[in-house]
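The values are calculated or read from the model by the stated rules, or taken from the named source; none is laboratory data. Nothing here was measured: the structure is a model prediction, and the numbers come from that model. Cβ coordinates were reconstructed from backbone atoms using ideal geometry, including for glycine residues, and neighbour counts include every protein chain displayed. We work out accessible area using only protein heavy atoms, side chains counted, and drop any ligands, DNA or RNA first. Shrake-Rupley method; radii C 1.70, N 1.55, O 1.52, S 1.80 Å.
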Amino acid sequence: MNKDGVNRWRKGIRTMAALPQVYIKISMLGYVVPNWIVGSQNEQDVLVALVQEAVETFGPSRCMVGLNWWRDASTSDEGGDGSVGPTPLEFLHFLASKCFGNYSDEDRYMLFAGTAKRFYKLA
């Protein structure tokens with residue numbers, strides 16, 4: 001994603017976050033950086049920063065981690081550029097350790113389960 005793309009994304013995220021009924025799902029990271037699991041540390045750092053910015057903008061109570069393995073796997077990307085992706089465990093470990101490692105237990109619970117339970121009325 002280039003600088004203009006990031007700026008459009010930021011504007012869109014802020015606009016959507018202003019609407020209290022809007023929630024976001026954190027998944028399909030290959031849309032931003034195809035092949036990120038085998039990419040450079042810089043590419044992974046970009047993903048970490050964008051994921052954390054989204055969570056900080058919406059708050060953990062309006063964000064949920066999504067796994068689309070049955071349909072899209074982790075290689076999904078808008079241009080079909082992805083050819084390799086993490087296993088489900090690698091994806092979850094990346095989010096838990098790199099993206100959410102400094103978050104509280106309560107915030108991590110919301111991101112991995114609590115928000116989805118509330119949003120989909122499962123609890």
With all protein chains modelled, accessible area of VAL48 [1.4 Å, Å²]: 20
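Provide the gained length on full extension for the span ASP45 to VAL6, in nm with one decimal, where the gain is 0.36 nm per separating residue minus the Cα-Cα distance.
Values: separation 39, 0.36 × 39 = 14.04 nm, distance 1.41 nm.
Gain in length upon complete extension: 12.6 nm.
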Would you mind checking segment 41-70 for residues with the amide N under 19 Å from a putative spin-label position 7 Å along Cα→C-beta of MET16? 46-69
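So if a site counts as exposed when it's one of the chymotrypsin sites (Phe, Trp or Tyr not before Pro), its DSSP state isn't H, G, I, E or B, and it has at most 14 other Cβ atoms within 10 Å, what's the longest stretch of the chain without one? All intermediate terms of the calculation are to be shown ahead of the outcome.
On the way: sites that count: TRP69, TRP70, TYR120.
Counting at most 14 other Cβ atoms within 10 Å as exposed, the longest clean stretch of the chain is 1-68.
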Put a dot 7 Å past each Cα toward the Cβ at ASN35 and LYS121; how far apart are the dots in nm? 4.5
Checking GLN52, GLN21, GLN44 against a Gaussian network model of the chain (alpha-carbon springs below 10 Å), the top fluctuating residue turns out to be GLN21
I'd like the carbon and sulfur percentage of the solvent accessible area for the chain, probe radius 1.4 Å, heavy atoms only, ligands and nucleic acids excluded. 54
Give the span of the chain's Cα atoms along each principal axis, as three whole-Å numbers ordered largest to smallest. 37, 32, 28
Springs between alpha-carbon atoms under 10 Å, Gaussian network over the chain: tell me which of GLY30, GLY12, GLY85 tops the mean-square fluctuations. GLY12
For the chain, what is the accessible area per residue in Å², given a 1.4 Å probe and the full set of protein chains? 60
Report the accessible area of LYS98, computed with a 1.4 Å probe over the heavy atoms of all protein chains in place, in Å² rounded to the nearest 10. 100
Estimated vicinal HN-Hα couplings, Hz - segment 89-105 in sequence order (Karplus 6.51, -1.76, 1.60; Gly, Pro = x): 5, 5, 4, 5, 5, 4, 5, 5, 8, 7, 7, 10, x, 9, 7, 5, 4
Computed over segment 6-46, Cα set: Rg, Dmax in Å: 12.8, 36
For the chain, what is the calculated [θ] at 222 nm in deg cm²/dmol (nearest 500), taking -39500 (n - 2.57) for each run of four or more DSSP H residues and dividing by its residue count? -11500 deg cm²/dmol
Simple label model, 7 Å out from Cα along Cβ direction - HIS93 to GLU56, nm: 2.7
